[in-house]
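Working notes, beginning with the structure itself.
The values are calculated or read from the model by the stated rules, or taken from the named source; none is laboratory data. Because the structure is a prediction, the values reported are computed rather than measured. Here the Cβ is made from the backbone with ideal geometry for all residues, glycine too, and neighbour counts use every protein chain on show. Only protein heavy atoms, including side chains, enter the accessible area calculation; ligands, DNA and RNA are left aside. Shrake-Rupley method; radii C 1.70, N 1.55, O 1.52, S 1.80 Å.
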Amino acid sequence: MIKPDYPSVLLIYTGGTIGMIENPETGALEAFNFDQLQENVPELKRFNYRISSYQFTPPIDSSDMEPALWSKLVKIIHYNYDNFDGFVILHGTDTMAYTASALSFMLENLSKPVILTGSQLPIGVLRTDGKENLITSIEIAAAKYPDGRAIVPEVCIFFENLLLRGNRTTKINAENFNAFRSYNYLPLATAGIHIKYEYDRIRKADLNLPMHPHYVFDTNVLILTIFPGIQENVVSNVFRIPGLKAVVLKTYGSGNAPQKPWFIRLLKEATQRGIVIVNISQCPAGMVEMARYETGLHLLDAGVISGFDATVESVLTKLMFLFGHNLTPKEVRNEMNRSIAGEFTRPEL
């Protein structure tokens, strides 16, 4: 019997590989009904938790994930916020890092765990990684200090024994179980025989502030990757896209790009028109330091701002989020220089 003061977790199934089982008659993989979750994952019965579920109907392939569905997730969490200790979102792996980044900005003053997880193999397959990911995510979502505070009041991704800050995470493997990596921020917890939390790395919630949900996005942003031989007409046409508000510029190394006069001119003209250009590295690990080399200094002079050590997923969703709130380009530039959900580490000045 579940005691009323025992932890409660809302499980939200959006879609993805984890929620599939094999039809014994056809052999085809099909989404199962999460109302029957404990029948499919009997190990959950050993938790003395209240576990409720919400299922997207029909399930969404993660390649179809979009801001409207992020808003739906936030509405579900907001509506149920006072009734549960934590939330676990089952999600396809392809866009999980984008969703985790977006939710980290949308759930302002979050004081409860929101854990995204999934699997590389369906939960109905013998060697699935889905059961361990699901069971441990639920345990983390329910974990509290003796005084009742959540141990991990953040949006996170749990995958293959590691709990990672959601807006620091990138999918790095389409085949192995270690599908995600946080290159520039160490894991918040490691699951072995016990779950070892790294308390100093976890964001602290201000319990005096109510959770404030956000729902608006402006998707007039894009990613431009620099490569040897990139042509002037390509870059020029990109910056002339009607309605464009921001560009995530993926440069070399620590933030370097070609010094060609036409390239610097196009960047400067774009920033003068109010387009916000954020420089991030094509390298998964390390930080943009535009003042380090002359090639980076030219970008600074053109009005490009640093994305520091942020992921492309977090920079892109943060720009969508900020412009969605009708901020001016100057205000967006200021907010991009401020970490609002632990999404980057700014170097010591």
Sole exception among (1) over 21 Å from the mean Cα position of the chain (by Cα); (2) over 26 Å from Ala205 (Cβ atoms) for Leu327, by number: (2)
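I need the helices (runs of 4 or more DSSP H) fully contained in the range 37-127, keeping only those with at least 1 residues that are out of contact with any Pro (no Cβ under 9 Å at 6 or more places or on another chain), at pLDDT below 95 and farther than 18 Å from Phe158 by Cα.
37-40
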Quick one: in the range 289-302, of everything that is assigned to a loop (DSSP other than H, G, I, E, B) and in contact with a strand residue (DSSP E or B) (Cβ under 7 Å, 6 or more places away or on another chain), which residue is most open to solvent (accessible area, probe 1.4 Å)? Tyr293
How many residues, within the range 50-65, are out of contact with any helix residue (DSSP H, G or I) (no Cβ under 9 Å at 6 or more places or on another chain) and within 18 Å of Thr17 (Cα to Cα)? 5
Subset of the range 271-283 [under 28 Å from Arg168 (Cα atoms) and either open to solvent by less than 40 Å² (accessible area, probe 1.4 Å) or outside any loop (DSSP other than H, G, I, E, B) (or both)]: Thr271, Gly274, Ile275, Val276, Ile277, Val278, Asn279, Ile280, Ser281
Would you be able to say whether some residue in the range 339-348 is touching a Phe, Trp or Tyr at 6+ places or on another chain (Cβ under 6 Å), within 17 Å of Ser101 (Cα to Cα) and either open to solvent by less than 30 Å² (accessible area, probe 1.4 Å) or touching a residue at least 40 places away in the same chain (Cβ under 8 Å) (or both)? yes
Hey, does the range 221-228 have a residue that's crowded, with 18+ Cβ neighbours inside 10 Å and in contact (Cβ under 8 Å) with a residue 24 or more places away in the chain? yes
Which count do you get for residues in the range 307-338 that are β-branched (Val, Ile, Thr) and either at pLDDT below 95 or surrounded by fewer than 21 Cβ atoms within 10 Å (Cβ to Cβ) (or both)? 1
Test set (1) at pLDDT 95 or above; (2) assigned to a helix (DSSP H, G or I); (3) open to solvent by 60 Å² or more (accessible area, probe 1.4 Å) - Glu132 fails condition number: (1)
Give the range 64-115 a look and list any residue that's open to solvent by less than 10 Å² (accessible area, probe 1.4 Å), within 12 Å of the chain's Cα centre (by Cα) and small (Gly, Ala, Ser), or say none. Ala97, Ala100, Ser101, Ala102
For the range 203-210, state whether one or more residues are in contact (Cβ under 8 Å) with a residue 60 or more places away in the chain, open to solvent by 40 Å² or more (accessible area, probe 1.4 Å), under 19 Å from the mean Cα position of the chain (by Cα) and under 29 Å from Thr17 (Cα atoms). no
Condition met for Gly286 (closer than 30 Å to Phe180 by Cα and in a helix (DSSP H, G or I)): no
